[in-house]
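No lab work stands behind these numbers, since they all come straight from the coordinates. Predicted, not measured: the structure shown is a model, and the values here were computed from it. Reconstructed Cβ throughout: ideal geometry from the backbone, glycine too, with neighbour counts over all protein chains shown.
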There are 2 protein chains.
Amino acid sequence: MFFPIKRALLSVSDKEGIVELAQILHNLGCELISTGGTAKALSDAGLPITDISKVTGNPEAFGGRMKTISFQIESALLFDRDRDAAEAAALNIQPIDLVVCNLYPFAKVLQQGADFDTLVENIDIGGPTMIRAAAKNFKYVAVVTQPTDYAALIQQLSENQGSLSIAFRQQLMAKAFNHTADYDALIATTMSQSVGQNALRLSFEQGETLRYGENSHQKATFYRQTGAKVSLFDLEILHGKQLSFNNILDINGAIQSVRQQNLPTCAIIKHNNPCGLASGINQAAALEWAWAGDPISAFGSIIAFNTTLELSTVEFFALDNADRSKRKFIEVVVAPHITPQALAYLQHHKDLRVVLFNPNSLPATLPDYRFLNGSLLAQDADTVLFDKLDLVTTTPFEVTAHTDLIAFGIHAICQIKSNSIVIVRRHNGYLQLLGMGAGQPNRLVSTRLAIDKCRENLQNEYHGTDFEAYFMEQMQQCILISDAFFPFADNVELAAASGIRCIVQPGGSIRDKSVIECCNTLGVAMVFSGTRHFKH
Amino acid sequence: MFFPIKRALLSVSDKEGIVELAQILHNLGCELISTGGTAKALSDAGLPITDISKVTGNPEAFGGRMKTISFQIESALLFDRDRDAAEAAALNIQPIDLVVCNLYPFAKVLQQGADFDTLVENIDIGGPTMIRAAAKNFKYVAVVTQPTDYAALIQQLSENQGSLSIAFRQQLMAKAFNHTADYDALIATTMSQSVGQNALRLSFEQGETLRYGENSHQKATFYRQTGAKVSLFDLEILHGKQLSFNNILDINGAIQSVRQQNLPTCAIIKHNNPCGLASGINQAAALEWAWAGDPISAFGSIIAFNTTLELSTVEFFALDNADRSKRKFIEVVVAPHITPQALAYLQHHKDLRVVLFNPNSLPATLPDYRFLNGSLLAQDADTVLFDKLDLVTTTPFEVTAHTDLIAFGIHAICQIKSNSIVIVRRHNGYLQLLGMGAGQPNRLVSTRLAIDKCRENLQNEYHGTDFEAYFMEQMQQCILISDAFFPFADNVELAAASGIRCIVQPGGSIRDKSVIECCNTLGVAMVFSGTRHFKH
């Protein structure tokens, strides 16, 4: 099943590495057939070339539109070396064993904003024909479509004395059809646009079978998006069990929650909502304050950091504590880097997944897709925190002194399922999510959940005798943020009764006026952000 | 920009409609070039044919692998009728103005479970070359790839005296590249599989720009999945404003919530969670009981039905009530059909969207995709309600007498974000979601939310003097269902204190034993379903 490469056709738009490859083929005794610019580059390098016209019997014609397509070339690629040998000989067709071809750079000229005629001229016809013909006949023919594959080709040739195995040729074949599929996918969507049609093609590869999906009766696969410069798929697992479907979903939420924060930040995710989030100068303290946001739910959670994970931080989990009840079990830790000491410590727990991924490597503009029963909702990512921060009450509030805390809170709310309410505070120099309410049909319930969580957390940290006074004093320092406008003043009344003195919301309700009046009456400041953050 | 079709090349794998089309072309004075089976079919019909070999100068060769590919055919398709006219004449190339070609049926043989060699033999090489060459040169050449397009071609030819407009040719071009892209997409994924790689290609079309996405600063588009037999995209809007991104998301949730129910069923969705759900013999009563599940959140909701929507049902919304405060404003109503009377009534509200979609038309097995920052999680839909219904307590419970109510409750929980708890009851012959808790990091909070909602709803329906007695009596009739196992007995204690006497959960915790013991102590029955229903 090994075939020697005796005759190769080289026709490339991207000349990178082609001379080196051709030299190696020549040294192996391989005849080189070539076209136009490729032929010139090889000749200039002193390599003997068979001009394609000699094989086809035709001239290059029509401004280069016709170079390779011919009965002779495609027959040389397509005929069955066993079944059709006599017929080929009678027709004077000599086999071509290798095609090295890359296509007119349609994607590149599109990206450069070329005009329509230039785009059309950059649709390659001869190239895909050769590539597909060679790929179809992979039992006898090898095809390479990208300079990045030359190294593997050269290695295989050198390991096998100038021959290639059927297994390698089959791999190249699969790659070739993926290449032509990608090529036509982009042309198809571009040309659809030219006639006013909006089409979208998404391609995914490297599918890894997961143990199961969201639940054990659902099969699942994790893919990398083809061509994505950065992908969650590239996360690196340093330790622990295989990631589950739900782990991956939560890791994504965790990474989103610590992106684009200036200071060391820690997010704690449970069922895809951040239940803990804190940011400040020290990573260990950020973890401690994030954990304090929901110390019950934090057990079995996914925790992300935006800075190199340190031993002093992970010791918080007490994984080596002789008293097992003191150990804090979590499912996954994600960070951009980790010190060897921190990793060694986390390895105390054999199942705990330690994952490397840099949250700030993700571009801000990745689109968001929702697949719904044979349809797709596509949208831009939600990347604008706020339009403005306008104090709309007569109740005073120094907005500029709290912009960082408001931005921190809105960033949190962007990750929480609607209706969402967060209550954030500045505490010991840290920004902390003190309580949140998520996923409720009724916004008032979310507000109540957030306040209840604050109460619980403040009780945990208070060791004095007058908790109610402490509660009101702390809540007065907090800012309550809503993902969408308040349709009625009831949320304001509930918040005010719990001590809240500042509320941030997008505004835009027909009842804004009565909501603002209620704030003024109750001594609450209200800031309009102008930007809603629904998330479902 | 009109070009007459004087010379056409017909080479089709699917012969449907080809003779009729050829006859019309012939009547218009067009020369017909054809190959193999197509040529035979046309000759048999008495049409004069130019055999392809006459044009190419080559025989059909290599078991049919080489038929059309040649310098002559592709030149005739590709040369620029203006710029290259003299060169074409010198090379004796006569233009071909129309290609009618459909490809070897790779998809069909794949579906039929063909072996690998048959699959490879069904990769068309000549067809895509002709189609792509003709499409590239659409300024002068028309290309048709599917029998379903013949009618439009014939109409255009007859309207334009045997010519085709540039606009039509450009449309055909876009279609042609979509066709070859789809063709290679399927080959690529199949061939990737053959070398142990798992790839996935998704294609979407008919993109409609929405006003905005989840929020007004996000651009959004709604697409139909290419080739989907049934798609949410096909919903029909009978009345009201344009659907928003969030409307479509919620319509999907609403439809999922009323699928596969035997009796008239109504679901009320708010922020993608069903907050009301009821099922019974009368549609109007189903709406009334669904609404009673969360009468506050139901305002501004999306409501779905699984049966023809009747006037007697929609009158519940009181849209024509002189007292505006009595009118129940909702965003969207979805049903498989609607009576003219019901539609006329709903049109009282000019903005209310009335949408037709049959929830039972959706196949049960559509996959679920989650796009996460350059990666994709793919999984089977969650279609299994339960594995078993095993009573695991000594506390007795007649499971078989309540299977319908348990199935109804589990169906609801499948649509609610985790952690989720539902409390369902059989009431006046209807199955009703009386309370639910959604989207909480801590399951105990979901249980509390569900119980609180039950209390509110029971207060609404009770007009007597001993509410607590009524509450406990009603709760004792209810079943509480959890989407996942209870890690501790605390949920059982909370439920039991509120009167709950039956709990259904998947089971599978290491502490199942202590949870069951707690049930037995408190006189609660517990049923294990064996099937978890996380949804995020």
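Convex hull volume of the C-alpha atoms in region B:68-169, normalised per residue: 101 Å³. When restricted to Cα atoms, region A:302-404 yields an Rg and a Dmax of 20.7, 57 Å, respectively. By the beta-carbon count within 10 Å of each Cβ, the least crowded to most crowded order of B:77, B:119, fewest first, is B:119, B:77.
How big is the shadow of the Cα convex hull of region B:218-275, averaged over all directions, in nm²?
Details: hull surface 22.0 nm².
Here the figure is 5.5 nm², rounded to one decimal.
Distant-in-sequence amide contacts of residue A:50, defined by a placed amide H-H separation under 5 Å and a gap of 5 or more residues or a different chain, comprise A:32, A:33, A:34. Averaging 1/r across all pairs of distinct Cα atoms in region A:469-536 and inverting the result yields a Kirkwood radius of 12.1 Å.
Pair-distance distribution of region A:3-194: all C-alpha pairs, bin width 5 Å, starting at 0; shares per bin in whole percent are 1, 8, 16, 20, 21, 16, 10, 5, 2, 1, 0.
Can you sort A:99, B:384 by how many other beta carbons sit within 10 Å, fewest first? Walk me through the numbers before you get to the answer.
On the way: A:99 28, B:384 17.
Taking fewest neighbouring Cβ atoms as first place, the list is B:384, A:99.
If contacts are Cα pairs under 8 angstrom and at least 6 residues apart, what is the relative contact order of region B:232-361 in percent? Mind showing how you got there, number by number?
Details: 292 pairs, mean separation 38.2, N = 130.
For region B:232-361, the relative contact order is 29 percent.
With Cα atoms as the point set, region A:244-366 shows a radius of gyration and Dmax of 13.2, 47 Å.
Provide a whole-number value for the mean count of partner chain Cβ atoms within 10 Å of the Cβ atoms in peptide B:424-432.
Working: counts 0, 0, 0, 0, 0, 0, 0, 0, 0.
Mean partner shielding for this stretch: 0.
Please give the FRET efficiency for residue B:148 paired with residue A:83, using the beta carbon to beta carbon distance and R0 = 35 Å, rounded to the nearest 0.05. Mind dumping the intermediate values first?
Details: r = 36 Å, r/R0 = 1.03.
Using R0 = 35 Å, I get an efficiency of 0.45.
Out of all Cα-Cα pairs in the protein assembly as shown, roughly what percent, to the nearest whole number, are more than 61 Å apart? Cα-Cα pairs in the protein assembly as shown separated by more than 61 Å: 21 percent. When a/c is below 1.5 the answer is rounded, else prolate if a/b is larger than b/c, else oblate, so apply that to region A:384-528 with a ≥ b ≥ c taken from the square roots of the Cα gyration tensor eigenvalues. It comes out rounded by the Cα gyration axes.
Please state the charge dipole magnitude for region A:287-362, taken about the Cα centre, from unit charges on C-beta atoms (+1 on K and R, -1 on D and E), reported in debye and rounded to the nearest 20.
On the way: 6 positive and 8 negative charges, 36 e Å.
I would put it at about 180 debye.
Residue-wise HN-Hα couplings along region A:342-347, as the Karplus relation 6.51 cos²θ - 1.76 cosθ + 1.60 with θ = phi - 60° gives them from phi, are 5, 4, 4, 5, 5, 5 Hz; Gly and Pro carry x. Whole-Hz Karplus values for region B:382-388 come out as 8, 10, 8, 6, 7, 7, 6 Hz, taken residue by residue from phi with 6.51 cos²θ - 1.76 cosθ + 1.60 and θ = phi - 60°; glycine and proline positions read x.
Equivalent-ellipsoid semi-axes (√(5λ), Cα gyration tensor) for region B:95-244, whole Å, largest first? Walk me through the numbers on the way to the answer.
Working: eigenvalues 180, 146, 39 Å².
After scaling each eigenvalue by five and taking roots: 30, 27, 14 Å.
Treat region B:160-283 as a sphere of radius equal to its Kirkwood radius over Cα pairs and apply Stokes-Einstein at 25 °C in a medium of 0.890 mPa s; give the translational diffusion coefficient in µm²/s, rounded to a whole number. Taking Rh from Cα pairs, D becomes 132 µm²/s.
Sorted by average packing, counted as other Cβ atoms within 10 angstrom per residue and highest first, what order do B:63-74, B:314-325 take? Numbers along the way, then the final one.
Values: B:63-74: 23.2, B:314-325: 13.8.
The densest-packed peptide leads the list: B:63-74, B:314-325.
Counting beta carbons within 10 Å around each of A:466, B:452, A:97, B:250 and listing the fewest first gives the order A:466, B:452, A:97, B:250. Couplings for region A:364-379, taken from phi via the Karplus curve 6.51 cos²θ - 1.76 cosθ + 1.60 with θ = phi - 60°, read 6, 9, 4, x, 10, 10, 10, 8, 10, 6, x, 9, 9, 9, 10, 8 Hz in order; Gly and Pro are left as x.
Among beta bridges identified by DSSP and lying wholly in the protein assembly as shown, the antiparallel ones come to about 65 percent. Close amide H partners of residue B:525, meaning residues 5 or more places away or on another chain with modelled amide H under 5 Å apart, are B:502, B:503.
Each stretch of four or more DSSP H residues adds -39500 (n - 2.57); spread over every residue of chain A, this sum gives -10500 deg cm²/dmol at 222 nm.
Each principal axis of the Cα atoms in region A:1-54 has its own extent, and those three values, largest first, are 33, 24, 19 angstrom. Amide H contacts of residue A:200: B:204, B:205, each under 5 Å away and 5 or more positions distant or on a separate chain (H built 1.01 Å from N in the peptide plane; Pro and chain starts excluded). Rounded to whole Å, the principal axis extents of the Cα atoms in region A:118-162 read 42, 22, 10, largest first.
Using only alpha carbon pairs under 8 Å that are at least six residues apart, calculate the relative contact order of chain A and give it in whole percent. RCO, chain A: 9 percent.
About the Cα centre, and with charges only on the beta carbon of Lys, Arg (+1) and Asp, Glu (-1), how big is the dipole of region B:3-194? Nearest 20 debye, please. Mind showing how you got there, number by number?
On the way: 15 positive and 21 negative charges, 68 e Å.
Computed charge dipole of region B:3-194: roughly 320 debye.
Roughly speaking, what % of Cα-Cα pairs in chain A are separated by over 39 Å, rounded to a whole number? Roughly 47 percent, once rounded to a whole number. Antiparallel beta bridges, as assigned by DSSP with both residues in region B:1-124, represent about 10 percent of the total such bridges.
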